[in-house]
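Student: The structure under discussion is supplied below as structure tokens; questions concerning it will follow.
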DNA sequence: CGGCATCCTTAGGGATACTG
DNA sequence: CAGTATCCCTAAGGATGCCG
């Protein structure tokens with residue numbers, strides 16, 4: 001196998017799927033998602049939320065972003081519904097505020113994992129890896145169809161109009 | 001199930017995994033990957049490569065980015081090894097230049113698919129969907145461990161030091 | 001057709017200092 | 001501790017025009 005996947009990397013477009021069918025511009029899901037995840041700093045804040053950060057300074061210290069930037073990202077991510085404010089009181093301590101992933105935010109994990117997997121593969125190993133907790137086996141991101149097939153190549157994928165009412 | 005996944009969304013850090021173990025800053029794979037995929041425009045160019053764009057103006061028209069931006073992204077993506085320049089000659093036509101995904105670029109598909117899946121789920125449907133070509137069943141991005149378990153929640157995931165020499 | 005040069009505007013982000 | 005306010009710099013990106 002050569003270094004190039006060239007034309008066989010393209011996905012198959014059903015019929016003559018055209019722009020207004022929803023695969024482009026404002027309607028494109030990739031573009032819409034990137035509008036929420038806007039910046040690298042947003043991704044890093046999300047990453048640290050997965051890694052256990054809760055308080056403002058934890059995010060600042062661990063993302064290595066400046067305070068104003070972290071404040072802005074936290075505000076936006078809360079507004080967008082990916083994080084929510086929490087407040088908890090440890091016994092004998094004063095109340096603390098914090099941030100936690102919502103279900104919407106937590107559901108970003110496969111995307112983060114996919115980016116990590118790509119980076120490990122093509123930019124070199126980082127020294128850590130994701131694993132199934134308890135089982136201990138290394139984790140991979142896979143594309144599978146509902147018929148149960150594992151889909152290894154983007155050339156085996158098609159883009160089609162979604163049936164009405166499907167999720 | 002409430003709207004919040006809160007603390008159970010956090011992944012488990014093995015032992016006292018610390019910054020210099022490679023899960024942060026310059027060594028963090030997420031950060032390194034985002035340094036390559038830097039901007040939204042880069043992602044859109046990649047997206048169009050998957051959707052079949054090859055020539056300069058196809059990228060310009062279909063991403064709805066300006067020419068200088070597309071030119072810059074194409075140059076960078078070629079330099080980074082995600083795209084490569086091609087040249088082909090249709091019968092009776094003069095030679096044309098183009099761009100195609102390399103294996104490295106094509107391997108980004110799971111990450112794009114994960115972003116699409118998240119957007120469809122949380123930002124609303126776009127009208128199109130990915131499917132297994134030929135089989136026709138809808139496609140999903142899944143986290144699976146090498147022992148074969150499907151991992152549904154980020155709370156079931158751990159981050160551990162990678163064994164020496166493992167990929 | 002496939003760009004590059006120039007100019008301009010906006011957004012992202014750091015540093016520092018300050019406040020409830 | 002959890003931010004804001006201010007200032008400043010750089011990067012991202014659009015518009016326009018030119019060029020091999």
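Student: When you go through B:61, B:103, B:95 one by one, which is the residue that is within 12 Å of chain A (Cβ to nearest Cβ), free of Cβ contacts under 8 Å to residues at least 12 places away in the same chain and farther than 28 Å from residue A:143 by Cα?
Tutor: B:61
Student: Another one. Taking region A:153-163 as the search range and keeping residues that are modelled with pLDDT under 95 and assigned to a loop (DSSP other than H, G, I, E, B), which one is farthest from the other protein chains (Cβ to nearest Cβ)?
Tutor: Ranking the qualifying residues of region A:153-163, first place goes to A:163.
Student: Looking only at residues that are within 9 Å of DNA strand D (Cβ to nearest atom) and more than 14 Å from chain B (Cβ to nearest Cβ) in region A:70-88, which one is nearest to residue A:41 (Cα to Cα)?
Tutor: So, considering only residues that are within 9 Å of DNA strand D (Cβ to nearest atom) and more than 14 Å from chain B (Cβ to nearest Cβ), the one nearest to residue A:41 (Cα to Cα) is A:70.
Student: Quick one: would you say residue B:33 is modelled with pLDDT under 95 and crowded, with 16+ Cβ neighbours inside 10 Å?
Tutor: no
Student: Please note which strands (runs of 3 or more DSSP E) are completely contained in region B:48-140 and include at least 1 residues that are near DNA strand C (Cβ under 10 Å from one of its atoms) and buried (at least 21 other Cβ atoms within 10 Å of the Cβ).
Tutor: Of the strands (runs of 3 or more DSSP E) lying wholly inside region B:48-140, those with at least 1 residues that are near DNA strand C (Cβ under 10 Å from one of its atoms) and buried (at least 21 other Cβ atoms within 10 Å of the Cβ) span B:96-101.
Student: For region A:120-152, which residues satisfy the criterion of being over 17 Å from residue B:157 (Cβ atoms) and more than 7 Å from chain B (Cβ to nearest Cβ)?
Tutor: Across region A:120-152, the qualifying residues are A:124, A:148, A:150, A:152.
The values are calculated or read from the model by the stated rules, or taken from the named source; none is laboratory data. As the structure is a prediction and not an experimental result, all values here were calculated from the model. Ideal geometry is used to build each Cβ from the backbone, glycine not excepted, and the neighbour counts take in all protein chains shown.
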